[in-house]
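Okay, structure first, notes after.
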Ligand code: HEC
Ligand code: HEC
């Protein structure tokens, strides 16, 4: 999909003095199905005196420039919170002034739109984090899905890495670089964006507390398993807890990954650009910026700032239970939902008061469960095709649509789609009267 944003991006390239000053470039090709190519035609920077190499086309590869990543001049006002009336998007209570400053600085970057000179693309999904994380407040979920593809054979799941999988980047800074789902793919699924509220607390839950949720003997068919992940940042192997498949274990790793894979902004943990469908030549012709792009000589990289913002972001504020919601809570327990949607866990001891033995009311065991027909067919680390992470239920009232592919517009539809280990619990739900279902739903919308 080529959007108005792309046209804007192209105009930006044209406007960039450095590029405009380059010798006349070869005309951009392949814009036929994207309307008239924007003038002036300085889309592909010219070949500098490049030596002719084995690849004849490689002469059109642009000379790469260092990323231009301007820093904000001012820090926005510090957030004003009312402890009696917490809102979505508030920072955690009890942060130091220094932490609050990091929160505010990181929020700027979370909301900032990337541009080509700063390293956006060549292929990407959106140009800011907030484009996909905004419902309720900056950091929330959104109806924007991303696409994952792969090939399923008798040998198992193949993420088609060499063809640009398994995550599709559905936009490009140049029409020629656009990535498409390859014909080899026989599995194409949507992934719904998840909220990032309360991630610092989730990160601070000790591995042992999550492992303790695994049952030796299944109860109502519920067992659960952990996804052990070697963290790209720390190098340590830890219980995965972020993403629909619990495929990441640290907020920092997720931020670095999202910069590279959702926006095409490389960094020291993800230093290599994604080639469109794995095509190195297409990449060479559309990549204008030296890697790693988000790598300032001094100070924090943007992905580190954004990680601070997410770490210090408070969990969704719960609302006081009405009598109807309280009745719904009883039904939630009776139906066995809490076998997976564990109402609360605790962070470990920490020198940092904001994270020291705090209750985390996330309504998840952070384990993978075999969800039968609700599984998405994708394999990520030890998460098998049918295994999904118990979705935290906090903040449900602003996070629709629901489920990993966003297929459910109502809570009722989301619950009815449960299968596999959740079948017994789902069947109990299906037997509730309409009035009881309403009570349960009111409870879920209060969490
Ligand atoms: C094009 C949409 C899109 C953009 C842009 C995007 N995200 Fe996401 N984000 C998603 C989706 C979809 C998921 C769920 C991914 C999964 O589990 O496969 C997600 C999940 C996450 C999670 C995991 C939350 C959890 O608890 O599971 C974090 C953290 C995150 N994103 C951070 C970021 C940051 C930081 C940025 C900007 C650098 C960003 N995202 C940009 C779509 C996006
Ligand atoms: C076996 C564990 C298990 C049980 C039992 C279970 N769930 Fe879930 N639940 C999950 C998993 C895993 C997901 C994520 C599924 C997906 O989208 O792939 C989920 C997702 C959800 C969602 C959607 C959340 C979102 O953000 O999209 C809701 C709502 C929900 N469950 C409510 C319930 C209720 C109510 C019950 C009891 C009737 C229940 N669940 C029982 C594991 C369970």
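Coordinate-derived values only; no laboratory data. Small disclaimer: the values here were computed from a predicted structure and weren't measured.
With the largest listed first and rounded to whole Å, the semi-axes of the equivalent ellipsoid of segment 128-241 from the Cα gyration tensor are 30, 22, 15.
Computed over every Cα-Cα pair of segment 59-104 and binned at 10 Å starting from 0, the pair-distance distribution P(r) comes out as 19, 34, 17, 13, 11, 5, 0 percent. The reciprocal of the average 1/r between distinct C-alpha atoms defines the Kirkwood hydrodynamic radius, which for segment 173-218 equals 15.8 Å. Cα axis of helix 4-15 to longest principal axis of the chain: angle in degrees, 0 to 90, nearest 10? Tilt relative to the chain: about 40 degrees.
Based on DSSP H segments of at least four residues, each scored -39500 (n - 2.57), the chain has a per-residue ellipticity at 222 nm of -7000 deg cm²/dmol.
Compare 288, 242, 157 in a GNM of the chain, Cα atoms joined below 10 Å, and give the one with the largest fluctuation. Most flexible of the set in this elastic network: 157. Evaluated on segment 325-375, the Kirkwood hydrodynamic radius is 12.9 Å, with distances taken between all distinct Cα atoms.
With springs only between Cα atoms under 10 Å apart, run a GNM on the chain and tell me which of 68, 201, 100 wobbles the most. Comparing 68, 201, 100 in a Gaussian network model of the chain, the most mobile one is 68.
At q = 0.17 Å⁻¹, what is the base-10 log of I(q)/I(0) for segment 379-422 according to the Debye formula with one equal point scatterer per Cα and no solvent? Please give it to two decimals. With one equal scatterer per Cα and no solvent, log10 I(q)/I(0) is -0.53.
Divided by 2.2 N^0.38 Å, where N counts the residues, the Cα radius of gyration of segment 221-352 comes to 1.45. Derived value for the chain: Kirkwood hydrodynamic radius 23.4 Å. Basis is the mean of 1/r over every pair of different alpha-carbon atoms. One quarter of the convex hull surface, Cα atoms only: what value does that give for segment 399-447 in nm²? Mean projected area of the Cα convex hull: 3.6 nm².
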